[in-house]
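The values are calculated or read from the model by the stated rules, or taken from the named source; none is laboratory data. Predicted, not measured: the structure shown is a model, and the values here were computed from it. Glycine also receives a Cβ, built like all others from the backbone with ideal geometry; neighbour counts cover every protein chain displayed.
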Amino acid sequence: MAIKIEMPKLSDTMEEGVIASWNVKEGDKVSAGDIIAEVETDKATMEVEAFDDGTVLKILVGEGDAVPLGGLMAVLGEEGEDISDILEGADSGDSGKSEEKAKAKESKSEKKEEEKEKSKGDGGSSKLTSPKSENKSSKEETAASRGEHGRILASPLARKMAEDKGIDLSQVSGSGPNGRIVKVDIEDYKETAPSVAASTQGFESLESREVKVSQMRKTIGRRLSESKFSSPHFYETIDIDMKAAMAARASMNEANDVKISFNDIVVKACSVALTRHQAVNSSWHGDVIKEHGDVHVAVAVAIDEGLMSPVIRHSDKKGLLQISSETRELAELARNRKLQPEQMEGSTFTISNLGMFGIEEFTAIINPPNACILAVGAIRDVPVVENGEVVPGKRMKVTLSSDHRIVDGAKAAEFLNTVKNLLENPLSMLL
């Protein structure tokens, strides 16, 4: 009996998956537990395994194609088994075939439009062109594409294509009836355009391209748009003296093999501060505000496709060495797209650090359902006044983005001052 392989739900927020790679091909025999494909979800690239023995009779979607939840991906069964009824019942979840049909339909429509325009000609009558007219210069052809009142003669499809590509129709030679500009003229013009762009000689342009939106980028766009437009953000910035934190870090790194970063120290300071300001360690749930008893800090990690936020659980109860080790491990998994969904869920607060890129100050969008996110800038060498004298200083700005439905300005300020005091007196974090 034939077995359908359908797109499984691999994360709690997943709506569709993209086939990253097939590990089998049609005709291969598989056993229960074999990994037959890798699927890119909104959070990570996950493995899909077979739950039955059989032969791969049909693969219905190609690598790079998106498949909705429950959509048919492949069919297993006995070699030679008739699966025509399954294939006939395959719906629009077969995104590869749907795309081909859509392209074919579009191509057919464009061809029909061209034929219609050619048959209409100027004023609806078809006219023959003489051999002499075929030898006109490109300048004469361009002039011939204008009507009695100077209007450029072009098919609606050609006009639309020219508008989309930013092409001036007055520069295009028409090959249709009476010099009418049609689709092929716009396509040919694109190929020859660089040779007539005399004003840009000596300048090279990068080729324009369209980048397919990944599942992760779709989710980032959706979630951050929802956060920005549904949560009333406000921002508060504080400047922190990092001299003591730098000295403490240097001492700890001399004594340990695991190297502690400034971000690890910020994570620890925020974790301690969250236990003292539970309103910041909260989330909005419509009729109630949930003040979390546990502290789970997410750390934003930049990867090629966007951002991932692995979670350090119970970070308030962990030491700096454990936070450092766990952060490095999670960041490596994130960069390799090997994070599991449970490693990215359940955060109560988020930290985003761009200091390593030289960014001195920025604001971040709240990572729902958190109430706040802290944006950490670079440590700066600045002159400061101490005891009436100007001396070299080490300063770092941090900006707290808060959901005003949960956190008021005074509460956000109190939290920032606690973080500041902990970083300026790092030994107090160990008490």
Does residue 209 satisfy the criteria of being modelled with pLDDT of 70 or more, outside the structural domain of residue 373 (by TED's automatic domain parsing) and under 30 Å from residue 45 (Cβ atoms)? yes
Residues satisfying the stated conditions in the range 301-330, i.e. in a helix (DSSP H, G or I) and touching a residue at least 40 places away in the same chain (Cβ under 8 Å): 315, 316, 320, 321, 323, 324, 325, 327
Inside the range 204-225, can you point out the residues that are out of contact with any Ser or Thr (no Cβ under 7 Å at 6 or more places or on another chain), surrounded by 12 or more Cβ atoms within 10 Å (Cβ to Cβ) and assigned to a helix (DSSP H, G or I)? 216, 217, 218, 220, 221, 222, 223, 224
Condition broken by residue 219, with the remaining ones in (1) within 27 Å of the chain's Cα centre (by Cα); (2) free of Cβ contacts under 8 Å to residues at least 40 places away in the same chain satisfied: (2)
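Here is a yes/no grid of residues against (1) under 24 Å from residue 377 (Cα atoms); (2) of a type in the set (Phe, Trp, Tyr):
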{"site": "232", "(1), (2)": "yes, no"}
{"site": "243", "(1), (2)": "yes, no"}
{"site": "256", "(1), (2)": "no, no"}
{"site": "284", "(1), (2)": "no, yes"}
{"site": "306", "(1), (2)": "yes, no"}
So residue 298 passes all but one of these: (1) without any contact (Cβ under 8 Å) to a residue 40 or more places away in the chain; (2) out of contact with any Asp or Glu (no Cβ under 6 Å at 6 or more places or on another chain). Which condition number does it fail? (1)
Can you find a residue in the range 23-40 that is at pLDDT below 85 and either assigned by TED's automatic domain parsing to the domain that holds residue 221 or surrounded by 13 or more Cβ atoms within 10 Å (Cβ to Cβ) (or both)? yes
Only one of (1) surrounded by 14 or more Cβ atoms within 10 Å (Cβ to Cβ); (2) in a loop (DSSP other than H, G, I, E, B) does not apply to residue 400, and that is (2)
Does any residue in the range 12-24 that is hydroxyl-bearing (Ser, Thr, Tyr) come within less than 8 Å, Cβ to Cβ, of a residue that is in a loop (DSSP other than H, G, I, E, B) and loosely packed, with under 15 Cβ neighbours inside 10 Å six or more places away or on a different chain, and which pairs are these? 21/63
For the condition among the charged types (D, E, K, R) and farther than 25 Å from residue 244 by Cβ, what is the one hit in 304, 257, 264, 316? 304
Looking only at the range 385-400, filter to residues that are β-branched (Val, Ile, Thr) and under 41 Å from the mean Cα position of the chain (by Cα); which one of those is nearest to residue 420 (Cα to Cα)? 398
Is it the case that residue 339 is outside the structural domain of residue 10 (by TED's automatic domain parsing), assigned to a loop (DSSP other than H, G, I, E, B) and touching a residue at least 40 places away in the same chain (Cβ under 8 Å)? yes
State which residue is nearest to residue 301 (Cα to Cα) when the search covers only the range 366-384 and only residues that are free of Cβ contacts under 8 Å to residues at least 40 places away in the same chain and over 33 Å from the mean Cα position of the chain (by Cα). 381
Does any residue of the range 232-253 turn out to be in contact with a Phe, Trp or Tyr (Cβ under 8 Å, 6 or more places away or on another chain), buried (at least 17 other Cβ atoms within 10 Å of the Cβ) and hydrophobic (A, V, I, L, M, F, W, C)? yes
Scan the range 61-81 and give yes if some residue there is without any contact (Cβ under 8 Å) to a residue 24 or more places away in the chain and either crowded, with 18+ Cβ neighbours inside 10 Å or not aromatic (Phe, Trp, Tyr) (or both), otherwise no. yes
